[in-house]
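Working notes, structure below.
Rule-based calculations on the coordinates, nothing more; no lab input. Source: prediction; values computed, not measured. In this analysis, Cβ positions are derived from the backbone assuming ideal geometry, glycine residues included, and neighbour counts consider all displayed protein chains.
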Amino acid sequence: MIRRIISKVFGRKSRAAHGAQILPLAAHGIRRDQLDDCALKVCETLAASGFRGYVVGGAVRDLLLGKPPKDFDVATDATPEEVRKLFRRSRIIGRRFQIVHVMCGRETIEVTTFRANGQKEAEEEDERPTDEHGRLLSDNVFGNMADDAARRDFTINALYYDPAREEVHDYFGGVADCKKRVLRMIGDPETRFREDPVRMLRAARFAAKLDFHIDPDTRRPVATLAPLLSNIPRARIFDEALKLLMSGHALRGVHQLRAEGLHHGMLPLLDTILDDPTGERFITAALKTTDARIAQDKPASPAFLFGTLLWPQVLQRWRALQAAGEKPQPALFLAMDEVLDAQRNQLAIPRRYDGMMKEIWALQPRFEQRGGQRPYRLLEHPRFRAAYDFLLLRAESGEVEAELGDWWTRFQDAGDDERAAMLRPDTGPKPRRKRKRRKPGESGGEAQPA
Ligand code: ATP
Ligand code: MG
């Protein structure tokens, strides 16, 4: 009762008193013309109808840091229905908490109505809609701009840019933290991590992507709370893993995860891989190539990347099955299926990636066959390029001879005569002869060439 009164008197007051610092252009340096046209138009249209519209989140943070933003999010006091009416090409998405997608050309701006954290109308801690670990079960309450800032995760993600005035509204010192390159949780870190354990993964991702230092108070609870990730739906963890791996800073991200003890909850495969020197070299090479491709704006395929993360396990099973007497090709197919099945309980890589991962893996033994028509046929395979890139990673990590990778690099570019001269004696398994259709009554038992 007393707590309730105290919370009523002081809790509300302190929240209400918590205003934003409004920073002029000189203090942050973000000019209106640095926004993309669509985000600018959304904010202007909202303002022209008497609403408030701010660019918020990652875009403001990235502009402050001089990085090109990945996408633009807008926060507003207009309801989703009001937003939808203002933009012809827009649609409301989401059921539990609605947001509006506004389309301009090929771009989409996500417009979100200010919302509160769920604790808005709960006066006492135990009235908040959380599970027994403190996980927030609902955050679908509209709020004002201060509430909206308080429910965001890190100070640097709670900055609101007003394009009309070229001002940044900073509720928690995010601009100063950006300058100091510190990632700091808003509010009490333990409570906020319990509310949503995925914020721990986000901390690792942002620290790696921005090359920020995690504030010690923010970092402290992570080691203890990491196991809470096991309560998060697998699909959400997978989305976060994908963001980390495709951030352009995957190598640093993976090491950050491991340093924080978070990899068990996100990429449980990492422990065994990184403990083995060849595995570590292989994954390091794979992550570096992905980061380099993203830095050059080249497409990076998630299936390729997950194929590399799972390869050390596939390889281990493949070798074990061969040691147990299985022939190489069937052993590889068995190993692939076993590993794919096992990872579904851990990381839940969606099945849509299975096809490409399997093709890349299945082509690996074919690189060993450098005689007859085989290399020519392999060159024609639609997945040759991905499988060859994969082979180069294996060569780089020392799993196969570097010479094998070099051979294929040369063979691709060589002319006809040079190619013919490069061919090795044809030692691979004979191609399987087409099975003759048997007449009814004939006995089975196909002889397999040794
Ligand atoms: P990125 O550049 O990776 O997109 P971002 O900061 O824009 O980074 P998003 O996942 O797009 O990240 O989220 C947009 C904003 O929504 C964040 O900046 C943050 O303010 C808020 N947000 C997202 N996820 C959470 C979360 N789990 N808890 C609290 N706030 C969140
Ligand atoms: Mg974003």
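Some points to look at:
- The distance separating the Cα centre of region 155-207 from that of region 217-257 comes to 17 Å.
- Each of ALA259 and ALA414 was given a label point 7 Å from its Cα along the Cα-to-Cβ line. The distance between the two points is 4.6 nm.
- Crossing angle, helix 354-363 versus the chain [Cα axis fit, 0-90 degrees, rounded to tens]: 40 degrees
- Of LYS327/LYS358; LYS209/LYS358; LYS41/LYS70, those spanning more than 27 Å from alpha-carbon to alpha-carbon: LYS209/LYS358
- Total formal charge among the other residues, if their Cβ is under 12 angstrom from that of THR218, Lys/Arg +1 and Asp/Glu -1: -1
- Note on the chain: with charges restricted to the Cβ of Lys and Arg (+1) and Asp and Glu (-1), its dipole about the Cα centre is near 1360 debye.
- Compared with the alpha-carbon gap, the fully stretched path from ASN231 to LYS298 is longer by 20.6 nm at 0.36 nm per residue.
- Environment charge of MET145, counting only residues whose C-beta is closer than 9 Å and scoring Lys/Arg +1, Asp/Glu -1: -2
- Residue order, fewest to most surrounding Cβ atoms within 10 angstrom, among CYS43, CYS38, CYS178: CYS38, CYS178, CYS43
- Look at ILE92, ILE294, ILE30 and count the other Cβ atoms within 10 Å of each Cβ; fewest to most, that gives ILE92, ILE294, ILE30.
- Efficiency of FRET from Cβ geometry, ALA342 and ALA48, R₀ 60 Å, rounded to 0.05: 0.60
- For the chain, the longest principal axis of the alpha carbon atoms and the long axis of helix 302-323 meet at an angle near 40°.
- Here the spin labels are modelled as points 7 Å beyond Cα on the Cα-Cβ line, and at ASP406 and THR108 they lie 4.8 nm apart.
- Signed unit charges on C-beta, dipole axis of the chain, positive-most listed residue HIS255, THR284, PHE212: THR284
- Rotationally averaged projected area of the chain (alpha carbon convex hull; nm²): 30.2 nm²
- Computed magnitude of the charge dipole of region 227-272 (debye, nearest 20; Cβ of K, R +1, Cβ of D, E -1): 60 debye
- Signed unit charges on C-beta, dipole axis of region 75-234, positive-most listed residue ASN117, ASN144, PHE97: PHE97
- Counting only DSSP H runs of at least 4 residues, each contributing -39500 (n - 2.57), and dividing by the residue count of the chain, the helix-based mean residue ellipticity at 222 nm comes to -14000 deg cm²/dmol.
- Rounded tilt (10° steps) of 328-346 against the dominant C-alpha axis of the chain: 10 degrees
- Rounded to the nearest 20 debye, dipole of region 226-348 from Cβ charges on Lys, Arg, Asp, Glu: 220 debye
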